[in-house]
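Heads up: the structure comes next, in structure tokens.
The values are calculated or read from the model by the stated rules, or taken from the named source; none is laboratory data. From a predicted model like this one, the values you see are computed outputs, not experimental measurements. Positions of Cβ are generated from backbone atoms using ideal geometry, with glycine treated the same way; all protein chains shown enter the neighbour counts. Ligands, DNA and RNA are stripped out before the accessible areas are found, and what is left, the full protein with its side chains, is counted by its heavy atoms. Shrake-Rupley method; radii C 1.70, N 1.55, O 1.52, S 1.80 Å.
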Amino acid sequence: MEELDILQIPDDGPVALIDADSLLYYEMGKPTLEEAIQGINNRLLHMLAMCGTSKYAGFLTLSKCFRYQVAETKAYKHNRKGGSKPIIFYALREYLQQEWKMEAVRGLEADDLVAVHAKPSGTIICSPDKDVLYQVAGKHFNFRTNEFIKTSKLEANKFLWKQTLMGDATDGIEGIPKVGPKTADNLLKKVTKGFEKIVIEKYVEKFGYYEGVCKFAETFKLVHILKTYEQVENAIGLDLSGSLQVHDIKHLNISYG
């Protein structure tokens, strides 16, 4: 990665909303903490340079979110491998909180936090997570592939209902059995509104009226990323309006190399 002059990063660009959870996994395998910290700094500064801004707000997931209470059929993320993470993981997380001023909100995931604070203009979400990139409308930066993604409101709405149909194997969320991406796409392909009617009908068709509606509601709540302050208040009883803390990289003592 080429050397970057922090002072050359524009300070009048959008606010980068950073979903930082994956950064810990990208760098925790480095031989030393110093190398891992430098790797995180390099990634974040490159991210800001690509987005053309020195302003950012970063978010982490520190505790179990509300979805663990929502999941009844099977535990949320039940398929994730257990075991303790290396100590460097926790050191890096602390570093992001202390030096980069990244925040967490009990009961929410970083996915929710970047989505809730996103605005039609003035912000850009930075995340490698498909749920964020394709379920939230706007211009985003995928820092895993180093590319920009534009998701329209229609595309974001359709992706949500596609996930509700098929679930999300990554998080251990079951949808309708044997409904995968191709089947879900075919069901929603020619539709521009009324997605929920099609999806609910498919659940009822598979499970019967009562169980189908219950399973639909559970899956929807699990895959749906919170996108408004009102949704956050309904989910965890917390008012986040006016809580966004924006930082400027030029005011931090961060090295790049």
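Tabulated results
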quantity	calculated
Rg and Dmax of segment 46-176, Cα atoms only, in Å	15.9, 44
Greater than 28 Å apart at Cα, pairs in 30/158; 30/81; 130/182; 55/85; 150/189; 119/221	30/158; 55/85
Qualifying trypsin sites (Lys or Arg not before Pro) for segment 160-233 [loop in DSSP, other Cβ within 10 Å: at most 10]	178, 189, 190, 193
For residue 103, distant residues with modelled amide H under 5 Å away	58, 59, 60
Given charges at Cβ of Lys, Arg, Asp, Glu: the chain dipole, positive-most of 209, 249, 26	209
Carbon/sulfur fraction of accessible area - segment 167-257, other protein chains in place, 1.4 Å, %	53 percent
For segment 123-202, convex hull volume per residue from C-alpha positions, Å³	98 Å³
Rh (Kirkwood; distinct C-alpha pairs) - segment 70-126, Å	14.4 Å
Neighbour count of at most 13 Cβ within 10 Å plus DSSP loop: longest GluC sites (Glu not before Pro)-free window in the chain	73-257
Residue-count net charge about residue 70 - beta-carbon cut-off 9 Å; Lys, Arg +1, Asp, Glu -1	0
Rounded accessible area of residue 188 (nearest 10 Å², 1.4 Å probe)	0 Å²
For residue 80, solvent-accessible area (1.4 Å; no DNA, RNA or ligand), Å²	110 Å²
Accessible area in square angstrom per residue, segment 138-241, 1.4 angstrom probe	58 Å²
Segment 148-246 - Rg and Dmax from Cα coordinates, angstrom	15.1, 48
Charge dipole (segment 189-257, unit charges on Cβ, about Cα centre) - positive-most of 222, 236, 195	195
Mean shadow area of the chain over all directions, Cα convex hull, nm²	14.6 nm²
Nearest-20 debye value, the chain charge dipole, Cβ charges on Lys, Arg, Asp, Glu	1080 debye
Span from the segment 37-73 Cα centroid across to the segment 189-205 one, whole angstrom	33 Å
Within-9-Å neighbourhood charge of residue 58 [Cβ basis; K, R +1; D, E -1]	-1
Mean ellipticity per residue at 222 nm, deg cm²/dmol - from DSSP H runs of n ≥ 4 across the chain, formula -39500 (n - 2.57)	-13000 deg cm²/dmol
